[in-house]
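See structure below.
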Amino acid sequence: MAKRLPPLNPLRAFEATARHASLTKAAGELNVTHGAVSHQIKALEQSLGVKLFERTGQRVKLTPHGAEFLPAVSAAFEGIAAATQRMTRPASAGALSVSCVPALLLLWMTPRLGSFTAQYPDIQLTLIPSNDPKDIRAADIDVCVHYGDGGWSDCWIRKWSGLELFPVVSPTLINNRPIRSVRDLADHVFLHGDDGREWHTWLAAADALDLERGRRHRLGDARMATEAAVHGHGVALGDSVTARALLARGMLVAPFTLSVPAVDDFYVVCRNEMRSAPIVQLFIDWLFAEKEQDEARADAPVAGRVPGRRKRPSLKVVGARTGH
């Protein structure tokens, strides 16, 4: 049996009147007469068999039935408007808003903007450094690249990359204050990009939880901790995605061969209705293509990244190198 739906025009009149709490304002928005709006609402009330508005002078107020009906009607019109916008949106032109983990945005995505611009010169990006789950449902954000467990509900999700963690330090700092064993870390400042759990995980794998740790700085996120390490302020935990270029350029070195899997992963996430937008599809395809190219270019593992191994770090000094 086909679903019974009220006629469209009375629904539009109902939604506009409820939003403005005025028949006159609704008539102005819909470009019809005051009487036409009143007639359409009466027709809708007769069709539903309930009263939707209480009329008090020039103002109208929703009845309990009207208040119950309005959210579904509003959501339906918003969905139609969004679908219309997506269908008429150019596939490779226009504005695209992206929320991205700050470290990934600064250290991985920003250096690759030239690649994106070369392929899609007519797309204007707005890049927002954030890992706030609220961004996933924000109307002004089209797609997110976030770090987490992938447990976000009622949205489109695809894992983009896992990552491994390992200590990183500037060549200048390690040359002035050598790190010959894990015990030498006690002479350095620990740089934290979280609440300390990541360093705890790495030290546990290194059998060094009893290590005396003195000075430490707690920074806002992994990006800030990595930047602090680049400037020689201490030892941070880098990861196999965002630290790769810094290691390759000799701005950081990894003193040990031990790496540990991060608790969470990077995911591409967006509202379900945005996944079919051509401009969003282009960006997501570009993200995965760039990641595949990174992996193809990696002839050797990142220093400090030994997949599948969990043992005490090598005592060999790796930090004297300026690149790999």
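The values are calculated or read from the model by the stated rules, or taken from the named source; none is laboratory data. Note that the coordinates shown come from a computational prediction; the quantities given were computed from them, not determined experimentally. Cβ: placed from backbone, ideal geometry, glycine included. Neighbour counts: every protein chain shown. These accessible areas exclude ligands, DNA and RNA; they are computed on the full protein's heavy atoms, side chains included. Shrake-Rupley method; radii C 1.70, N 1.55, O 1.52, S 1.80 Å.
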- Message: Step by step: find N for the chain, compute 2.2 N^0.38 Å, then divide the Cα radius of gyration by it. What's the final number?
- Response: 1.41
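Calculate the all-directions average of the projected area of segment 159-242's alpha-carbon convex hull, and give it in nm².
5.6 nm²
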- Per the rule of 0.36 nm per residue minus the C-alpha distance, extending Ala204 to Glu54 adds in nm 47.3 nm
- Task: Note down the accessible area of Met274, probe 1.4 Å, to the nearest 10 Å².
- Result: 10 Å²
- Message: Probe radius 1.4 Å, ligands and nucleic acids left out: which of Asp140, Asp187 has the largest accessible area, and how do the rest follow?
- Response: Asp140, Asp187
- Query: With r defined as the distance between the Cβ atoms of Gln46 and Cys155 and R0 fixed at 41 Å, what FRET efficiency is calculated, to the nearest 0.05?
  - Reply: 0.55
- Note on the structure: If R0 = 51 Å, then His231 and Leu5, at their Cβ-Cβ distance, give a FRET efficiency to the nearest 0.05 of 0.20
- Surface per residue (accessible, 1.4 Å probe) for the chain, Å²: 51 Å²
- Find, among the GluC sites (Glu not before Pro) in segment 126-230, those assigned to loop by DSSP (not H, G, I, E, B) with at most 15 other beta-carbon atoms within 10 angstrom. Glu212
- Item | Accessible area (Å², 1.4 Å probe, nearest 10) - Glu29 | 90 Å²
- Query: In degrees, nearest 10, range 0 to 90: what is the angle between the Cα axis of helix 8-20 and the longest Cα principal axis of the chain?
  - Reply: 70 degrees
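Ranked from the most accessible area to the least, with a 1.4 Å probe and all protein chains present, what is the order of Ser74, Ser99, Ser153? Mind showing how you got there, number by number?
Numbers: Ser74 25, Ser99 0, Ser153 75 Å².
Reading off the accessible areas and sorting them downward yields Ser153, Ser74, Ser99.
Between Arg215 and Ala81, 0.36 nm times their residue separation minus their Cα-Cα distance comes to what?
Additional length available on full extension: 42.7 nm.
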- Item | Within the accessible area of segment 1-81 (1.4 Å probe), percent carbon and sulfur | 59 percent
- Label points 7 Å out from Cα along the Cβ direction at Asp140 and Arg177: separation in nm? 4.3 nm
- Just reorder Lys291, Lys159, Lys61 by solvent-accessible area, largest first, 1.4 Å probe, all chains present. Lys61, Lys159, Lys291
- For the chain, built as a Gaussian network whose Cα springs stay under 10 Å, the top-fluctuating residue of Pro121, Pro71, Pro111: Pro71
- Item | Rounded if a/c under 1.5, otherwise prolate or oblate - segment 47-156, Cα gyration tensor axes | prolate
- Counting sequence-distant residues (5 or more places) and residues on other chains, those with an amide H built under 5 Å from that of Gly94 are Ile123, Gln124
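Could you please report the charge total around Ala138, scoring K, R as +1 and D, E as -1 over all other residues with beta-carbon less than 12 angstrom from its beta-carbon?
On the way: positive: Lys134, Arg137, Arg271; negative: Asp132, Asp135, Asp140, Asp142.
Once all neighbours under 12 Å are counted, the net charge is -1.
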- Please work out the FRET efficiency for the pair Leu127 and Ala248, using the Cβ-Cβ distance as r and a Förster radius of 22 Å; give the result to the nearest 0.05. 0.45
- On a 0 to 90 degree scale, rounded to 10, what angle separates helix 64-88 from the longest Cα axis of the chain? 60 degrees
